[in-house]
Every structure is written in structure tokens, then in C-alpha cells.
Amino acid sequence: MVWKGKWVQLSLTMVLSFMLVLSGCGSSNNTAAPEDPKSDGGTGETSENAKSQIEFMGWGGDTEKAVFQKLIDSYMKKNPNKKVKYTVVPPAEYYQKLDTLIAANKTPDVFYAGGAHFNKLVSSDVLLNLESQLNSSSDVNPDNVWKQGLDRYRYDGSNVGSGDLYGLPKDVGPWAFAYNKALFDKAGLPYPSAKAGEYTWDDMVADAKAITVVNERGKIDTFGVAGYSTESAVWANGADWLDPAIGKITIDTPEFAEAMQFVADLSLVHKVSPSPDDEKAQNAYARFVAGKVAMLGIYIKTCVHKGSNLLILWRNNIFQVV
């Protein structure tokens, strides 16, 4: 999450929760702070307490929107002279909308900015350095936040990952691998081992083939696996998109190519994972909930239903996390 206007109180970062960032250089039409931070031009109020509107933009489904709206309502109740304008943009359109607003000098005061977009914005001096606010506030205890989650939003003027904080993680959690115990039982298969080194990619493919069910029309009713992402495979195979230490692109390594091929082969060769057309008809998570997918790559914050166990699948290791 990123912040733009320096007048925004740090308490808002806590109310809106933890990838939020503030923009530091742009200004929106309705959120300009008074020139003198100690005076409001004669109204008797300090700029900190003056009537102001905070523009907050993000993406999310109905559940996430409801959570943030509840937090916003609570904040405005405690701070009646503050108004938060909450804008939700569809994920596929979000970054195009954000870039357009920044170019028009209408940057939201608080907004989501993850991954490569955070890197671009912080290196372009768009974001506000939060270090002084964090150091002077008791609302945020950095020791109570996963270090890797915070470090992702640090910048030292040259490199992301070290230096001062320019954002706070909205939510932090690993990708995991869930399996449906009932489908494994039906196929007469043992559950994937949680002991490191005992469950591999080859084991996953073999189990997926045994569980996949094709109906009389030649269509797959039950898939063995779904949602095993390219990112999971690449990192699990010891590869990466770049070497952050030297900024070298590393997508041409054998490990990277092997990982991409493995993910593609799940659908194209092994026929155990939904194709893009299958995903359009019903997404992988909905199939998993319906008992039509045996193993699913899943974000840890996502609710896992009864009868499922969570696992993190690596190239040669599998770790049980729930």
C-alpha cells in the first residue's frame, strides 16, 4: 500500500491494514495540505485536524471490499473531520488506471502497488518515505511483522529490499498446495508425505494421473491438479526471473526452462490440469471446492475447506503447513 499526501496521519495505515503505499510527489485536486503545517490560515485548526479527504484505491472481491469498508467507517467515526473515498478497480484494469492517474497528477493518497509496479514507482520518486512516521509512532511495531514482508517495500535509493520503508504489506502469506483427502481415498492412494524429500514433481504427476477422471463423452470430470503456478515451479526448481544482486535477467537458464515446461505439460501432455478453456468454464478454485480437483496451488490466506490439507510443494520436497 502506498501513500501520497504527507498530511495523512499514520494511524490511517493501521486502520486500512497492512502492500499499501503513499505517493510523495504528486498531488490530487482535493487533498492539498496547507502551506504552513502549524497553521490553517486563521480557522483555529491545525492542518492535521483540518477537514480533508483521503483517496484510497485498490482492487478486491466483495469480501475484501466489505472488510476495508468496515475499517474505513471505523476510522471516519473516530476522526469525523476526515473523509475516505474508497475506489475499487477490477484487477485486470487496476495498474492501467493507476498509471493514468499518476500521469494526470491525480495520484490516490493511498493505493496498492505490488511487485514490479512498486519497484517502478519507488525508483521514480513517486512514493513517500514512511520511515519518520514509523519511527515516531507506536501504532506500528516492525518486530511484529514478517521481516521479509517489510523488506519487500524498502528502498535505499538504488535497490529494493534494503533502506527505508516506502510501503507496508497489505497481507503476507505463502503459496501452498492443498489436496482433497476424499479423492485420494477414492483412488486408493496414500496422502502426499509432509516429510521433506518424500514427495516430488514426479509423484504429483503420477497421483494426478491416477485421480483424473474422464467421462463417457471424453471430457474430464475430475482433474488431478490445478493452479500450480509458473512462479511456484520456477522458484521450486531453484530458478528465478533475475539475479537481484546484479540485475541480470536469468530466464534463459535450464532450470527456468524445465520449470515452465513442467507447468505446461500438466495440461498439454499429461492431461491432468484444466486448460485455459476449462478455466473459463469454471475456475480451478471453484472446481476444488466442488471436489473436482484433487490438488490445488492456493494462497495461504484463502479459506481451505474441510477435507483438505495444506502443503507447500517444492521440486524435491513437500512441507505440511496446516
Contact list please: Cβ distance under 9 Å, first residue in segment 59-75 and at pLDDT below 90 and aromatic (Phe, Trp, Tyr), second residue open to solvent by less than 40 Å² (accessible area, probe 1.4 Å) and assigned to a helix (DSSP H, G or I), pairs at least six apart or on different chains.
TRP59/TYR94
Those residues of segment 100-124 which are out of contact with any Gly (no Cβ under 7 Å at 6 or more places or on another chain), of a type outside the set (Lys, Arg) and in a loop (DSSP other than H, G, I, E, B), in sequence order:
ALA104, PRO108, GLY114, SER124
Selection status of TRP146, aromatic (Phe, Trp, Tyr) and open to solvent by 70 Å² or more (accessible area, probe 1.4 Å):
yes
Which one of these does ALA176 not meet: (1) open to solvent by less than 20 Å² (accessible area, probe 1.4 Å); (2) touching a helix residue (DSSP H, G or I) at 6+ places or on another chain (Cβ under 9 Å)?
(2)
Filter segment 151-170 down to the residues that are among the basic types (Lys, Arg) and either part of a loop (DSSP other than H, G, I, E, B) or on the phi > 0 side of the Ramachandran plot (or both) and list them by number.
ARG152, LYS170
Restricted to segment 156-166, and to residues that are of a type outside the set (Val, Ile, Thr) and under 19 Å from the mean Cα position of the chain (by Cα), which residue is least open to solvent (accessible area, probe 1.4 Å)?
LEU165
Given (1) open to solvent by less than 80 Å² (accessible area, probe 1.4 Å); (2) over 30 Å from ASP221 (Cβ atoms); (3) over 23 Å from the mean Cα position of the chain (by Cα); (4) modelled with pLDDT under 85, index of the condition GLY307 fails
(2)
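Looking at ALA210, is it touching a Leu at 6+ places or on another chain (Cβ under 8 Å), in a helix (DSSP H, G or I) and closer than 30 Å to PHE262 by Cβ? Lay out the reasoning, then the answer.
Numbers: touching a Leu at 6+ places or on another chain (Cβ under 8 Å): yes; in a helix (DSSP H, G or I): yes; closer than 30 Å to PHE262 by Cβ: yes.
Yes, satisfied.
Name every residue in segment 289-301 that is of a type outside the set (Gly, Ala, Ser), modelled with pLDDT under 90 and open to solvent by less than 60 Å² (accessible area, probe 1.4 Å), in order of residue number.
Narrowing segment 289-301 to residues of a type outside the set (Gly, Ala, Ser): 289, 292-293, 295-296, 298-301.
In the following step, the residues that additionally are modelled with pLDDT under 90 were identified as 289, 298-301.
Scanning segment 289-301 gives ILE298, TYR299, ILE300.
Only residues that are of a type in the set (D, E, K, R), more than 23 Å from ASN283 (Cβ to Cβ), outside any strand (DSSP E or B) and open to solvent by 80 Å² or more (accessible area, probe 1.4 Å): list them for segment 221-254, please. Before the answer, list the steps.
Here is the first cut: in segment 221-254, the residues of a type in the set (D, E, K, R) are 221, 231, 240, 243, 248, 252.
Then keep just the ones that are more than 23 Å from ASN283 (Cβ to Cβ); that gives 240, 243, 248, 252.
After this cut, where a residue has to be outside any strand (DSSP E or B) as well, the list is 240, 252.
Selection gives ASP252 alone.
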Spot the failing condition for TYR112; the list is (1) open to solvent by less than 10 Å² (accessible area, probe 1.4 Å); (2) under 30 Å from PHE288 (Cα atoms); (3) touching a Pro at 6+ places or on another chain (Cβ under 9 Å), and only one is missed.
(3)
Do you know which of the residues in segment 255-288 that are surrounded by fewer than 16 Cβ atoms within 10 Å (Cβ to Cβ) and at pLDDT below 95 is nearest to ILE220 (Cα to Cα)?
SER275
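What tally of residues in segment 87-109 results from selecting those that are small (Gly, Ala, Ser), closer than 24 Å to LEU165 by Cα and open to solvent by less than 60 Å² (accessible area, probe 1.4 Å)?
0
The values are calculated or read from the model by the stated rules, or taken from the named source; none is laboratory data. A quick note: this is a predicted structure, and the numbers were derived from the prediction, not measured. Note that we place each Cβ from the backbone using ideal geometry, even for glycine, and neighbour counts take in every protein chain shown. Remember, those area values only see protein heavy atoms, side chains included, never the ligands or the DNA or RNA. Shrake-Rupley method; radii C 1.70, N 1.55, O 1.52, S 1.80 Å.
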